[in-house]
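Colleague: Sharing a structure, written as structure tokens. Questions coming.
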Ligand code: MF3
Ligand code: CO
């Protein structure tokens, strides 16, 4: 007779007995709960924080160097060199065959723009730089928008409102809230400003793997979806379009996602940890 079931071992919890009791209470009420492996241990949280520190320093470094006249391939080079200089790996590189170390999404590109020597940043452009880092096996992920030169006021407003959408999502991501609460605040803020929310791509659990459960949708209904439990780490990364929500994928590279109507799109991404008292912003 076997003494232990396969894979059974002591897993230290990073949340209290009080939180455990709450978890059981919500379970009895029929709430969808995260799998236990999504509740990070203190050791895992420490590792994710280290990775996140490098990822944030990388975006600060890009912020210092990005400028008009630069190609998006130059951004890719900066990302590759900075990351490897910090003994880390760009998580994008060869992820599902992705050919570069960063996604650079300019103007009407919604996400997954592939850096190119032929793509030069011009006065008036907006560009999302999305970077992801693997450090000692732990994953981090974030993106920011950069304005190149003089950007039209209505485009600047899109960028600002999108950041507000992300920040409202973070404020809403409290322990014992629901995933649908996050989607709802983001969707309402975008639509109240006359914008639309991209549906095909969402935030995601991130930390032990690049993309894991849960899917964090940027539209939703309050009081629905998975329960938010202390120890979860995931991204919130709304893609907001100035015009319609429809998108298409560029067939020449199979990656670049563009707005159907050619109008601009913006995105801001943070990775957070749900704690017993609120949340901790890991990356931004
Ligand atoms: N960084 C993106 C995210 O926020 C994922 C990019 S995957 C790649 O989830 F393959 F396109 F790099
Ligand atoms: Co992400």
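Please treat every number below as a calculation from the coordinates, not as lab data. Since the structure is predicted, the reported quantities are computational estimates derived from the model, not experimental observations. Ideal geometry is used to build each Cβ from the backbone, glycine not excepted, and the neighbour counts take in all protein chains shown.
Colleague: Average the reciprocal distances over every distinct pair of alpha-carbons in the range 193-284, invert the result, and give the Kirkwood radius in Å.
Modeller: Kirkwood hydrodynamic radius for the range 193-284: 14.7 Å.
Colleague: Computed over the Cα atoms, what is the radius of gyration of the range 129-236 divided by 2.2 N^0.38 Å, N being its residue count? Kindly include the intermediate steps, with their values, before the conclusion.
Modeller: Values: Rg = 14.8 Å, N = 108, 2.2 N^0.38 = 13.0 Å.
Ratio of Rg to 2.2 N^0.38 Å for the range 129-236: 1.14.
Colleague: Beta carbons within 10 angstrom, averaged per residue: use that to sort the peptides 209-215, 87-93, 31-37, highest first.
Modeller: The most tightly packed comes first, giving 87-93, 209-215, 31-37.
Colleague: Assuming 1.002 mPa s and 20 °C, estimate D for the range 24-118 with Stokes-Einstein, Rh taken as the Kirkwood radius over Cα pairs, in µm²/s.
Modeller: D = 134 µm²/s.
Colleague: Moving on. How high is the relative contact order of the range 2-134, given as a whole-number percent (alpha carbon pairs under 8 Å, six or more residues apart)?
Modeller: So the answer I get is 23 percent.
Colleague: Let me ask you something else. Roughly how compact is the range 155-216, stated as its Cα Rg over 2.2 N^0.38 Å to two decimals?
Modeller: 1.18
Colleague: Give, to the nearest whole percent, the P(r) tail of the range 50-102 beyond 15 angstrom, counting all Cα pairs.
Modeller: Of all Cα-Cα distances in the range 50-102, 45 percent exceed 15 Å.
Colleague: On a C-alpha basis, how far is the centre of the range 25-48 from the centre of the range 162-194 in Å? Whole number, if you could?
Modeller: 21
Colleague: Which peptide among 233-240, 117-124, 157-164 comes first, and what is the full order, when sorted by highest mean count of other Cβ atoms within 10 Å?
Modeller: Peptide ranking by packing, descending: 233-240, 157-164, 117-124.
Colleague: If I take every Cα pair under 8 Å that is 6 or more residues apart in the range 147-197, average their sequence separation and divide by the length, what percent do I get for the relative contact order?
Modeller: Value for the range 147-197: 31 percent.
Colleague: Relative contact order for the range 174-276: what is it in percent, counting Cα pairs under 8 Å that are at least 6 residues apart? It would help to have the intermediate numbers written out before the result.
Modeller: Numbers: 233 pairs, mean separation 32.5, N = 103.
Worked out over the range 174-276, it gives 32 percent.
Colleague: If you don't mind, there's one more thing I want to ask. How large is Rg over Rh for the chain, taking Rg from the Cα atoms and Rh as the Kirkwood inverse mean of 1/r across Cα pairs? It would help to have the intermediate numbers written out before the result.
Modeller: Numbers: Rg = 19.4 Å, Rh = 19.5 Å.
Value, to two decimals: 1.00.
Colleague: Roughly what % of Cα-Cα distances in the range 57-215 sit above 25 Å, to the whole percent?
Modeller: Roughly 35 percent, once rounded to a whole number.
Colleague: Per-residue ellipticity at 222 nm for the chain, helices alone: DSSP H runs ≥ 4 residues times -39500 (n - 2.57), over residue total, nearest 500 deg cm²/dmol?
Modeller: -10000 deg cm²/dmol
Colleague: Packing-wise, with mean Cβ within 10 Å as the measure, how do 174-181, 98-105 rank, highest first?
Modeller: 98-105, 174-181
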